[in-house]
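Below you'll find the structure, written out as structure tokens, and then a few comments.
A short reminder: the numbers here are calculations on the coordinates, not readings from a lab. Every value quoted in this text rests on a predicted model; they were computed, and no experiment measured them. A quick note on method: Cβ atoms are made from the backbone with ideal geometry, for glycine too, and the neighbour counts reach across all protein chains shown.
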Amino acid sequence: MMDRNPEAAEPAALLERRGAVALITLNRPRVLNAVNAALSAAVGEALEEVAADPGLRVAVITGAGRAFCAGMDLKEVAAGGSVMAPGHEDWGFAGLVNHFIAKPVIGAVNGFALGGGTEIALACDLVVADENAHFGLPEVRRGLFAAAGGVLRLPRQVPKKIALEMALTGQPLDAATAARWGLVNRVAPAGTAVEVALELAGTVSEGAPLALQASKRLIHRSEDFGSDWEPAMWDESEREWQAVFASEDAQEGSRAFAEKRAPVWRGI
């Protein structure tokens, strides 16, 4: 019998290696990359692969087709299903929002990112948005709230009143407005979000792997402390510094600078 579900034969997310950069693509374009359990599992497994592969230094996440992500697959939820990765519910929505990896993650928002789509973008370290992209948290208009990190991360990334307006009205922001409020790092010309994100990832990947990871960890951990004069924060920084300073890459960086050549990083 012919398979009536053409999506069933396709992976829910794809991982492609571009040198030191991993391109992860949400791959349910027929439903605008709405998140179901299969997509959460596929993305979570891709992130695990990125974390474990010393040849990969940065991940870029984008969506297949005309949308980045339309959020949670409400049809699957209405049918009583879960949208979490089976056996890895701790990874959170889309296998990503509670799934920290030390390597930088860049969102390439190629179309609209609504609800969970915005929450995926909020979980990324950097975001490049197509000039036609839109971000929004419409959950309150469906009797819900943005529980996959939206109401938690948004006020850390944009002014509180902007976060409240987005969460309480459910109205979307266009890419230019999102960039103005700091939700987006770069706005790309139409159709080039992935290209621009890969260029940004290439620039990031030129840094030493251990130094990149320490920088990411410390920036995220800094939010745990009330003041940048807090001794515990400096203790944390000192621990990371000692490990990075003792690495072979730190010696290679100094040698390469003195010899006026590009460094060759080994991640050790």
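Send over the Kirkwood Rh of the stretch 6-205, from the inverse of the averaged 1/r over different Cα pairs, rounded to one decimal Å. Kindly include the intermediate steps, with their values, before the conclusion.
Values: mean 1/r = 0.0610 Å⁻¹.
For the stretch 6-205, the Kirkwood estimate is 16.4 Å.
Taking amide H positions as placed 1.01 Å from N in the peptide plane, with prolines and chain starts having none, which residues 5 or more places from Ala22, or on another chain, fall under 5 Å of its amide H?
Amide H neighbours of Ala22: Arg57, Val58, Ala59, Val60.
Would you please give the residues with an amide H less than 5 Å from that of His134, counting only those at least 5 places away or on a separate chain, with H modeled from the backbone geometry?
Phe112, Ala113
Taking neighbour Cβ counts within 10 Å as the exposure measure, how do Met233, Met84 sort from fewest upward? Kindly include the intermediate steps, with their values, before the conclusion.
Details: Met233 17, Met84 21.
So the residues, fewest neighbours to most, are Met233, Met84.
What is the ratio of the Cα radius of gyration of the stretch 142-194 to 2.2 N^0.38 Å, with N the residue count, to two decimals?
Here the answer is 1.23, to two decimals.
Can you pull a Stokes-Einstein diffusion coefficient for the stretch 209-258 at 25 °C (0.890 mPa s), Rh from Kirkwood over Cα pairs, as a whole number of µm²/s?
Estimated via Stokes-Einstein, D reaches 208 µm²/s.
How much mean residue ellipticity at 222 nm does the chain get from its helices, if each DSSP H run of length 4 or more adds -39500 (n - 2.57) and you divide by all residues, to the nearest 500 deg cm²/dmol?
Numbers: 10 runs with 105 residues, N = 268.
So the helix-based figure for the chain works out to -11500 deg cm²/dmol.
Would the stretch 171-218 count as rounded, prolate or oblate if I go by the C-alpha gyration tensor, calling it rounded below 1.5 in a/c and otherwise prolate when a/b exceeds b/c, oblate otherwise?
Numbers: a/c = 4.07, a/b = 1.66, b/c = 2.46.
It comes out oblate by the Cα gyration axes.
Using DSSP to define loop residues, name the GluC sites (Glu not before Pro) in the stretch 163-263 whose beta-carbon has at most 16 other beta-carbon atoms within 10 Å.
Answer in residue order: Glu206, Glu259.
In whole Hz, with x marking every Gly and Pro, tabulate ³J(HN,Hα) for the stretch 17-34 from phi via Karplus 6.51 cos²θ - 1.76 cosθ + 1.60, θ = phi - 60°.
Karplus-based 3J(HN,Hα) across the stretch 17-34 equals 8, 10, x, 7, 10, 9, 9, 9, 10, 5, 10, 10, x, 5, 10, 6, 6, 4 Hz.
Provide the gained length on full extension for the span Asp235 to Glu252, in nm with one decimal, where the gain is 0.36 nm per separating residue minus the Cα-Cα distance.
Details: separation 17, 0.36 × 17 = 6.12 nm, distance 2.56 nm.
Full extension of this stretch gives 3.6 nm more.
Assuming 1.002 mPa s and 20 °C, estimate D for the stretch 49-162 with Stokes-Einstein, Rh taken as the Kirkwood radius over Cα pairs, in µm²/s. Please report the intermediate quantities before stating the final value.
Working: Rh = 14.9 Å.
So the translational diffusion coefficient is about 144 µm²/s.
May I ask for the Rg/Rh ratio of the stretch 124-268, computed from Cα atoms with Rh as the Kirkwood radius, given to two decimals?
Result for the stretch 124-268 is an Rg/Rh of 1.07.
Going by the alpha-carbon gyration tensor, a ≥ b ≥ c the square roots of its eigenvalues, is the stretch 94-150 rounded (a/c under 1.5) or, if a/c is not under 1.5, prolate (a/b greater than b/c) versus oblate?
Because a/c hits 1.5 or more and a/b fails to exceed b/c, the stretch 94-150 counts as oblate.
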